[in-house]
Each structure stands twice: as structure tokens, then as C-alpha cells.
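Student: What follows is a structure written as C-alpha cells; I'll ask about it next.
The values are calculated or read from the model by the stated rules, or taken from the named source; none is laboratory data. Keep in mind that this is a model prediction, so the values were computed, not measured. Here the Cβ positions follow ideal geometry from the backbone for every residue, glycine too, while neighbour counts run over all protein chains shown. All accessible areas refer to the heavy atoms of the entire protein, side chains included, with ligands and DNA or RNA removed. Shrake-Rupley method; radii C 1.70, N 1.55, O 1.52, S 1.80 Å.
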Amino acid sequence: MAGSTQLAHNSRQTSSTQHSAPSSQTVVSHAADPPEPKARMPPSTAHGTATKSESPDVSYVDRFASYTDLAAKSPPLHSHRSAPQLLQDSYSQTLENAVFYSQAIQQLRHPDTVAPRTRPGKEDIRQRRARNVTASREVFSLGLDFANVEHPPLPTQQAAVGGREAVSLGGASPRSARPVRPATRHAHARRIATRLLMRAGLSRIAIRVARPGPEPEPEPLCVDDAAEPDELQHLREERRKQVKHIDHYGFMHFDGEPARPASVPGAEGSEAKWQTLLGAFDAATLRGSRKVKRLVQTGVPESVRPRFYYLMTGAAALERAGEYQRLGSLGAQPIFDIIERDISRCYPDHTLFVDGPGQRQLRRVLRAYAQYNPQIGYCQGMGRLVGLFLITGLTEERAFWALAAVVHNYIPRYYMPDLGGLKQHTQVFERLLAERNPRLHRHLVEQGCDALMYATPWFMTVFTLSLPWPTVLRVWDWFAYRGTKVLFRVALAITDIASDHLLAECPTVAELLGFLLHIPPHTVDADVLMQAALRVKVSERHIARLMALG
Amino acid sequence: MYNRNHPSRRYTYIKAIILGDSGVGKTSLMHQYVRGTFTTQYRATIGADFMKKDVDLGDGRAAEVACWDTAGQERFQSLGVAFYRGADCCILCFDVTNTRSFENLESWRDEFLIQVGPRDPESFPFVVVGNKIDMEGKRAVSQKRAMEWCAAKGNIPYFETSAKKDINVDEAFRTMVRNAMDQETETDIYSEFPDPIRIDAEDQETQGCAC
């Protein structure tokens, strides 16, 4: 969702996208905002009404009315401001915002003051949840703004309005308003934001409208989508009509039940905790913490995921400003043709790639990577990784760096022309399987069922092709955090789960592969698989030893 | 190829490999053949995919055909050994609107033969399939050119198909299965008895080849 998404982006720009004119009752359009290239359709609203950008989020309007009431009493907020402008905002301006937010939050803590006109249905609840996520991020970024601006002496009437609130929020008191040292500013911001979030209880605020901004024009480099034969286009339209459900993650389902969101115990309450953690520590420190490890294994909240992946995969450390843009401006390569063949076949069942800007973003990221690492160029399977990043809400540029980081740090040489890394890892996996489950291993070998036959799609796409999406996300939370080892633990967990079935019901290679290549989704439910994987103990040293065997 | 513990020895297991450049429609062909469906939602195949179908050839012979749909990108060829092992027949697939995919058939075929190492490469049951003939307007490889190539490679049967419109798909697979089973009956002569360990095993083999 516009929300479920770009944290990074939000923390830089969000404040510019708050309510535009507080007096109006129906301010839901953000047309006046600077065009936002990364805005996208929220998957949860992509069914039914919201397929066109102009239809406003109706359930939001109710809520918004109460804000506008409140806003009318508050000093005007920053509207139509760009991010740089905002960063130069005065202390008093930021303070006003803090006051506004705290009032809004206070009011919302008492649900009776917010009278929704209609009782929300299930869908509404889902949408609202997504918006809450957005809101929590905005509050956090507000905290950042708050601490980031230089603090000039506070005008007296402003102090009168916001003084007490600022103090109670942990901000500088108006009397002691003095410049905050840069070093302390960040910690300061986190404190403020955390308190704001705590106050809000995180479940009662909905501050921003999903804003489907104008889509950017495709770059000249891109092959026009119109190149697709009309007939195929028509067929696709027909297919689209058959969509029965669009699930929480934006996947289209033509039959059966959509995937349910994986349970993340206490996720809502832990968002603030996560934001604080990610703001305060670097990847190495987080990786060393047992507490964080436990948090990761229970699942990272959706709103935190983009930032978490960006940080933990090592993308943040790898990123060089402007480099992605530079790579995008380089000339065409022969491999672009091969990339092109896979663009429409990457996530043909996801709304972002069918209706949204996903295909264009994917194309640009893969092309940039081919330029970035000519040794690899492009290999099938990479697209699934990029798609995962885009779907979970990383910006295009960050998706690129995340791809580069994962390929470099976790699955080296997987995508090289000889697929050397893949071969090595499947070999190690077979050895681990032989140690862990000799009976199953013998059965597979006897039937000529080589690990390369079934584990290739697992490893090459880091399970994104083989597991149901909620499970994929949980596996990826852990994979982003811990790296290569997780591949083996999850693969062994799958064979653990399937072992009895494979031994009893699958006498030949046909049945074995029939199962392993199309794992029935219900057998690898997120919690079940994670628990199985946690029971698999494989040390990094042991893996290294097995790799050394060659 | 082996008989699946079936009393009549008529029910045969056949392993078929589908090869060709990426995007020529291998997955579509397989799905059309096995399930009789076509969608635009196919994802790029990573590694290989696998489906099976029971086929009755109508002449008293039946087979279980295991179709192996492979990844089209060139670098996946290096995984071939694992996938091609024990293959009984092979579909070489190209896209009639894409000349390059036709030109690459040669290397797909050669690579396959090297990795499988059949007794008699010249008579290995290949079938060549020119897919996407529903896009006639964009055709880049003429029927004549394709047939000439097939003739030069030992009279490989050639089919022009459309997985989307279900044209000729079944015929192509059926021919391939029939040819594979014909081969089997030839080789059956030698595999009638389980191979005992013989000191003169070499002689045995020369005998075999002489026939």
C-alpha cells in the first residue's frame, strides 16, 4: 500500500504530504504535492473501487472530518512544502505540528469522539490497519524533523500554544530553547517519536490518505508496453476479470482462498520498538543481539520491513548516492533483450506488476544491475528478488541496492554464468540432508532425485517461487537478518515437514518431484515452517566445512 | 525408460524433456498438453518444472509421460546433466516469430546429446516444434526453412503449434511418445533378461550393436 511501503521515502518527505487545507472537509487529494515518482496503488484497495486513482478512499473521509475539525482549531500546518523546505522549517513550525499531532492523538485515544458514519467492514479494517502503519511512520518522521531543525528562540505566542506539549513530549521547553547539538538530535527525535507513538497506542490514528500520485512517464530506455500483441492484451484483460480475490499482499487469486497474513505476535505494539532499534543501531550490532534475533524470528512488522531489509541485507552500507541514476543512464546492452523476456513473467499474479508500475521498476532495476555487475549481467531468478523488495515496499533505488547486497553478501556466485554458487549450495544441502535424514536422502538418491532438480527454484529465488507469500516474508525476515545459513535451515525444514509423506507416498521420482516442486501451501504455513526451521541446527562452521569439501 | 511394475509390460514410463530459448512457450506447451489450459500468467521457469500425463496411444500401448519443462536461459544448460539424465525423448522448441530462437536449436540439440550420450544420437527421438503460429503476421521463420533444418538433422518430425489456440500440441507430443516407444521396443530385445554379470560383457555389447 502507499503506506505499507516506502519507509525510507516517508521519513524524508512525509511531512510535506500532510493535510493540505485544514479548513476543507474533503481534502483527500494531494495533487498539489510535488509529483511523487514512487507512489503506488495500495494493494488492499486495488480490488473493486480503487482501481482508478481519482476515487478517494471513502472510509478515510469520515475520519478525516474529525481531523479537519481539529485542524481548524490548530495553527495552520505546513502544506505544499517540499522536503527541503520542511527541513528548514523553524522550530516553532515543527512545534506546532507536534502540538497538532499530540492533540489529534489525544482525541483519538477516546474513540467516542470519533464517530464513524458507517460501521467498517472487514476490508475497511484491513485498510485502516495499513493506514495506521503509515501514520506511525509519519509520527516518527515528525519526531525526526522536530529534532533536526535548528532551534531559534521561540516567539512568545508560539510558546504559549505549544510550550507545555513540547515539554511533555520530551522536546525542548520554550524557556530553555537553545540549539541542540547534532549528536544528540537523533536520539532526541527517537525519544519524541516513541512517546508520540506510545501515546497514540498505534491503533487509533489514521492520518494520511492513500495517495495514488501520477505515475512517472516511462523512461525512453524502456520498451513500450504497447509492444505486446493486442490479442495477448485482450487475453490478459479477460484473465483479470476472472480474479476472485486480491489478498492482503496484492496477489491476485483465481481460485481458492487468498493467503492470510502471517501472524506476527504483538506486531503492532512492537513497531515503535523496531523503529527505535533500526534508528539506533547498525546492522552488525543488531545481528549480534539475542533479543533482536528473537524478534526477527517471530516476524518483522510490515511497516518496518522495507527499512529492515534495506539495513540488514547490507544495502545501506553498499549504497552510493547517485550511482543508481548513473547506471540507469548508461547505454543499452545485449542482455537487455533477455531481461525483457522475463519482465512480464516475473510476478504475473501481483497487482503491482499487472496494473502498477512494478514492471517498469523491475526493468530499470535489472538493467541497472546488469550495468553494475557485468560479470553476472542478468540471470533468471533475480527478478523474483527485486519483485519481493518492491512488493514489500522498498523504493526502486533501494530495491536495487538490496539486490546488489543480497547477491554479494548472501548468495555469491549464484547468478554467475556457471551458476557456481548454486551448485555448491545444493551440494552442501544434500550432505546436510544425508546427515539429518539419511533415510529420506537414500530414498531420493535411489529414485534419481538430485537436489538440483528440486532445490534450484528454492535457492535461486530464495524461496519466493516455492512458498506461500506469508511464509516467504517470514523466511525473508530471517534471511535478511542472518544470511546464507537460513537457506539451509529452511530447506531442511521443508524436507523435515515433507519427510513422512515423501517416504510413504512417493515411490518414484515423479511423485517426489511432483511434491517438492509444487509444495502444497497448507503444509508450509509460516508458523509451522519457522518452527521446523528453528529446530534445525546447523552451524556456520559446519557449512564452511562442507563447502570446503568441494 | 522402464516399466512401472506393471504386469502387462505395456505401461511404460517415458521421460520427455522440453528445450528451447527462454520465452518460446515451453511451459505453455506443457500445460496445454497435460492440462489442456492456457493462461498469460506463466512465470519464468527457474531450474525445471515437472508434470506427468498418462497417454493411451490407441494401439494397445499406454505410457506415463513425465514432461520436464526446463529454464530457457543459456546458463541453466550447465545444470542439464541432472535434468536430462535418462531422457527418452526431447522436444526442441522455438518461437516462429523469433529467428534467434530457431538458430539456437542447433546448440540446444548438440548440448543435449552431449549430456545424455544416447547410444545412437542420429536416431534419438527428437521433435521440433515451432510455437506461436497464432501470431502469423509476425512470423520470422518460414515453415520451409524449419523443415529443411529438420531434414538435415536426420528427419526430425516438425510441427507448427500454438499453445494458446491448442493447435497441433497433442499431435507433436503424441508423435514424440510414439517414436520413443518404438525405440523402446527395439532396445527391449536386449533388455529382455536382466543383465547377469558376465566376464564377456564386451562381446555382448558388440553383438548388440551388430544387430
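Student: Quick one: count up the residues across the range A:473-528 that are within 14 Å of chain B (Cβ to nearest Cβ) and among the β-branched types (Val, Ile, Thr).
Tutor: Residues of the range A:473-528 within 14 Å of chain B (Cβ to nearest Cβ): A:491, A:506-519.
So of that shortlist, the ones also among the β-branched types (Val, Ile, Thr) come out as A:508-509, A:519.
Of the residues in the range A:473-528, 3 are within 14 Å of chain B (Cβ to nearest Cβ) and among the β-branched types (Val, Ile, Thr).
Student: Next question, about the same structure. Name the residue, out of B:Phe94, B:Phe102, that is of a type in the set (Phe, Trp, Tyr), within 23 Å of B:Glu171 (Cβ to Cβ) and either within 15 Å of the chain's Cα centre (by Cα) or within 14 Å of another protein chain (Cβ to nearest Cβ) (or both).
Tutor: Exactly one residue qualifies, and that residue is B:Phe94.
Student: All but one of (1) touching a residue at least 60 places away in the same chain (Cβ under 8 Å); (2) away from chain A (no Cβ under 11 Å) hold for B:Val24; state the number of the condition that does not hold.
Tutor: With (1) touching a residue at least 60 places away in the same chain (Cβ under 8 Å); (2) away from chain A (no Cβ under 11 Å) applied to B:Val24, the lone miss is (2).
Student: Restricting attention to the range B:94-121, which residues are assigned to a helix (DSSP H, G or I), open to solvent by less than 50 Å² (accessible area, probe 1.4 Å) and without any contact (Cβ under 8 Å) to a residue 40 or more places away in the chain? Full working, then the answer.
Tutor: Taking the range B:94-121 and keeping what is assigned to a helix (DSSP H, G or I), we get B:99-103, B:105-116, B:121.
Then keep just the ones that are open to solvent by less than 50 Å² (accessible area, probe 1.4 Å); that gives B:99, B:101-102, B:105, B:108-109, B:112-113, B:115-116.
B:Leu113, B:Gln115, B:Val116, listed by residue number.
Student: Would you pick out the residues in the range B:136-172 that are part of a helix (DSSP H, G or I), in contact (Cβ under 8 Å) with a residue 24 or more places away in the chain and away from chain A (no Cβ under 14 Å)?
Tutor: Once the filter is applied, which keeps residues that are part of a helix (DSSP H, G or I), in contact (Cβ under 8 Å) with a residue 24 or more places away in the chain and away from chain A (no Cβ under 14 Å), the range B:136-172 yields B:Arg145, B:Ala146, B:Trp149, B:Val169, B:Asp170, B:Ala172.
Student: If you go through the range B:27-50, how many residues are within 15 Å of the chain's Cα centre (by Cα), open to solvent by 10 Å² or more (accessible area, probe 1.4 Å) and at the interface with chain A (Cβ under 8 Å from one of its Cβ atoms)?
Tutor: Qualifying residue count, the range B:27-50: 1.
Student: For a quick check of your reading: which helices (runs of 4 or more DSSP H) sit entirely within the range A:305-422 and have at least 3 residues that are more than 14 Å from every other protein chain (Cβ to nearest Cβ)?
Tutor: A:305-312, A:315-318, A:323-329, A:358-372, A:382-392, A:396-409
Student: Give the residue that is nearest to the other protein chains (Cβ to nearest Cβ), with candidates limited to residues of the range A:529-550 that are not in a helix (DSSP H, G or I) and not small (Gly, Ala, Ser).
Tutor: Once the filter is applied, the top-ranked residue is A:Leu549.
Student: Is the range B:122-135 home to any residue that is more than 14 Å from chain A (Cβ to nearest Cβ), at pLDDT below 95 and assigned to a helix (DSSP H, G or I)?
Tutor: yes
Student: Of all residues in the range B:59-77, which are open to solvent by 30 Å² or more (accessible area, probe 1.4 Å) and in contact with a Lys or Arg (Cβ under 9 Å, 6 or more places away or on another chain)?
Tutor: Passing the criteria: B:Asp59, B:Gly60, B:Arg61.
Student: Scan the range B:28-64 residue by residue and report those that are of a type outside the set (A, V, I, L, M), part of a loop (DSSP other than H, G, I, E, B) and touching a residue at least 24 places away in the same chain (Cβ under 8 Å).
Tutor: Of all residues in the range B:28-64, those of a type outside the set (A, V, I, L, M) come to B:28, B:31-33, B:35-43, B:45, B:47, B:49-50, B:52-54, B:56, B:58-61, B:64.
Keeping just the survivors that are part of a loop (DSSP other than H, G, I, E, B) gives B:36-43, B:45, B:47, B:58-61.
Once the filter is applied, which keeps residues that are of a type outside the set (A, V, I, L, M), part of a loop (DSSP other than H, G, I, E, B) and touching a residue at least 24 places away in the same chain (Cβ under 8 Å), the range B:28-64 yields B:Gly36, B:Phe38, B:Thr45, B:Gly47, B:Gly60, B:Arg61.
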